[in-house]
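A short worksheet on the structure shown next.
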């Protein structure tokens, strides 16, 4: 196997579906794939990139792309799912593949590249998976003796040696584009050709975090905020809010990067000291940070014992019974953590939608699962044979919670929500905590929510997402009106849609004046990808761009649109 490039693109070769050569722990998965009973929608999720399209290809446009739309849509996801005769087992684990759609003068091009991370290079060199990922442990060298294999597991885990396979999202720090995952490593890539630039950036060298989310927030001035766990503090595990100011030039002419200036704005103590909560994103408003601390914990004890037993990181995650989900509120002005306990019936969330302040309340919108079964269901073995339990676990509902802020003198057992346009309630209990009941924002099961990011942290009306018909069969996009609860749908029969990205029209005065962009994966044709452009107001199709690619096109998770004329690239 080689990560070398040829004239057509970055190639990845593997043993493919050869059961006799497949590593024994991977054979059940390969057997299911070879049986061929996978529906076309879910087969998309087990594709593996063989050759990236590093030379941009021009698409065929049906309809008309608005003339004002100019810039690049960047997407990121796990696109290489087998190395040699070893396979990844979890949907989060495949090696990262970056995608770029460039739009100008009513035309568009597409390119992609396998992220040439240290993890990918090590795996490629060994021709097997040798770097641990979220749900997949590395495979021992087949040439080692049983004793050598045992001893290789006996070294203690090191937090600074976590994977740099940045397969979740991308973010601009100033004019520099970085690929991100949920470890302490991020990778800078060239925004023009998606090639790696320099060595990986270890956030732990700049600020006190051992892990960080792949869903930062970007303020209008370019300041980036993120949140990460610190496991090694004197006060026990904390959730740390990190601030990365824009790059600046110092009086002596030197440059101080965003990372050089990084600071911890606030530290939120974990309520479960040996099981810090897992979180994938967080919210902010003009005055507050909000973390959803959910009872899906990462057991520190299991993390250590599982390392020696050869089990993956996610095997240390478990649902904490008889607990509620809490909203941890932090004041941005001084980093102080609210003493008031806001909680609700236990739920699990990956993605927040938005949050804002209104008349003494915090309004928090997020996509809610009943529990964390989704994490333990999206194994590739389940994706190739989705069951009713698999489908139920993947059903996420967009919900609103309202947190009244001034509750010190509030009476017990009385709804403290005074907003007139919500059915949410918040009652003060005898112990002084505030118990919140939500309202559903849509009757659809949807995920991957996005908004007009100009209204991030502010009162807003619309958000966009993907709707699943069954399991990971996501062939529809949606627009939700949070005021009327109306949901508009756009269907792409025979295609799997990506997270929708809203792009505002220059000079717009209305929230939904712009377009929604989404990539479409052809369920039948592996070497084709499409880009749909929807009118965000009417949710009708304006244009469809069809690209013929050099190799197999794979699914992605998240991304952003960067205008050519913008100094700050936000989400």
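The values are calculated or read from the model by the stated rules, or taken from the named source; none is laboratory data. As the structure is a computational prediction, the values presented were derived from the model and not from experiment. As a convention, Cβ positions derive from the backbone with ideal geometry for all residues, glycine included, and neighbour counts pool all protein chains shown.
Residue pairs, Cβ under 6 Å, 6 or more apart or interchain, first in segment 377-401 and on the phi > 0 side of the Ramachandran plot and in contact (Cβ under 8 Å) with a residue 40 or more places away in the chain, second outside any loop (DSSP other than H, G, I, E, B) and buried (at least 19 other Cβ atoms within 10 Å of the Cβ). List them.
Sorted first by the residue in segment 377-401, then by its partner, the list stays empty.
Of all residues in segment 330-375, how many are assigned to a strand (DSSP E or B) and closer than 19 Å to residue 446 by Cα?
Adding up the residues that qualify gives 11.
Out of all the residues in segment 180-198, which are closer than 20 Å to residue 161 by Cα, touching a residue at least 24 places away in the same chain (Cβ under 8 Å) and assigned to a loop (DSSP other than H, G, I, E, B)?
Across segment 180-198, the qualifying residues are 181, 182, 183, 184.
Of 564, 519, which residue is surrounded by fewer than 19 Cβ atoms within 10 Å (Cβ to Cβ), within 27 Å of residue 112 (Cβ to Cβ) and touching a strand residue (DSSP E or B) at 6+ places or on another chain (Cβ under 7 Å)?
After applying the criteria, what remains is 564.
Of all residues in segment 267-302, which are closer than 12 Å to residue 241 by Cα, surrounded by 17 or more Cβ atoms within 10 Å (Cβ to Cβ) and more than 23 Å from the chain's Cα centre (by Cα)?
Of everything in segment 267-302, nothing turns out to be closer than 12 Å to residue 241 by Cα, surrounded by 17 or more Cβ atoms within 10 Å (Cβ to Cβ) and more than 23 Å from the chain's Cα centre (by Cα).
Please find, among 418, 366, 425, the residue that is modelled with pLDDT of 95 or more, farther than 22 Å from residue 45 by Cβ, surrounded by fewer than 21 Cβ atoms within 10 Å (Cβ to Cβ) and in contact with a strand residue (DSSP E or B) (Cβ under 7 Å, 6 or more places away or on another chain).
425
Output the residues belonging to segment 213-249 that are within 22 Å of residue 292 (Cβ to Cβ), within 21 Å of the chain's Cα centre (by Cα) and not in a strand (DSSP E or B).
213, 214, 215, 216, 219, listed by residue number.
Residue 546: touching a helix residue (DSSP H, G or I) at 6+ places or on another chain (Cβ under 9 Å), in contact (Cβ under 8 Å) with a residue 60 or more places away in the chain and assigned to a strand (DSSP E or B), yes or no?
no
Conditions first: (1) at pLDDT 95 or above; (2) buried (at least 17 other Cβ atoms within 10 Å of the Cβ); (3) on the phi > 0 side of the Ramachandran plot. Residue 106 passes all but one, so which condition is the exception?
(2)
Cβ contacts < 6 Å: first residue touching a residue at least 60 places away in the same chain (Cβ under 8 Å) and on the phi > 0 side of the Ramachandran plot, restricted to segment 465-480; second residue surrounded by fewer than 23 Cβ atoms within 10 Å (Cβ to Cβ) and assigned to a loop (DSSP other than H, G, I, E, B), any location; separation 6+ or different chain. Result?
471/386; 471/394
Mind checking which pairs have a first residue in segment 52-80 that is on the phi > 0 side of the Ramachandran plot and in contact (Cβ under 8 Å) with a residue 60 or more places away in the chain and a second that is part of a loop (DSSP other than H, G, I, E, B) and loosely packed, with under 15 Cβ neighbours inside 10 Å, Cβ under 9 Å, 6 or more apart or different chains?
71/564; 71/565; 71/566
So that you can scan it fast, the table gives a plain yes or no per residue for (1) on the phi < 0 side of the Ramachandran plot; (2) in contact with a strand residue (DSSP E or B) (Cβ under 7 Å, 6 or more places away or on another chain); (3) touching a residue at least 12 places away in the same chain (Cβ under 8 Å):
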| site | (1), (2), (3) |
| --- | --- |
| 256 | yes, yes, no |
| 277 | yes, yes, yes |
| 283 | yes, yes, yes |
| 287 | yes, yes, yes |
| 292 | yes, yes, yes |
| 298 | yes, yes, yes |
| 301 | yes, no, yes |
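Of (1) touching a residue at least 60 places away in the same chain (Cβ under 8 Å); (2) surrounded by 17 or more Cβ atoms within 10 Å (Cβ to Cβ); (3) part of a loop (DSSP other than H, G, I, E, B), residue 458 satisfies all except one. Which?
(2)
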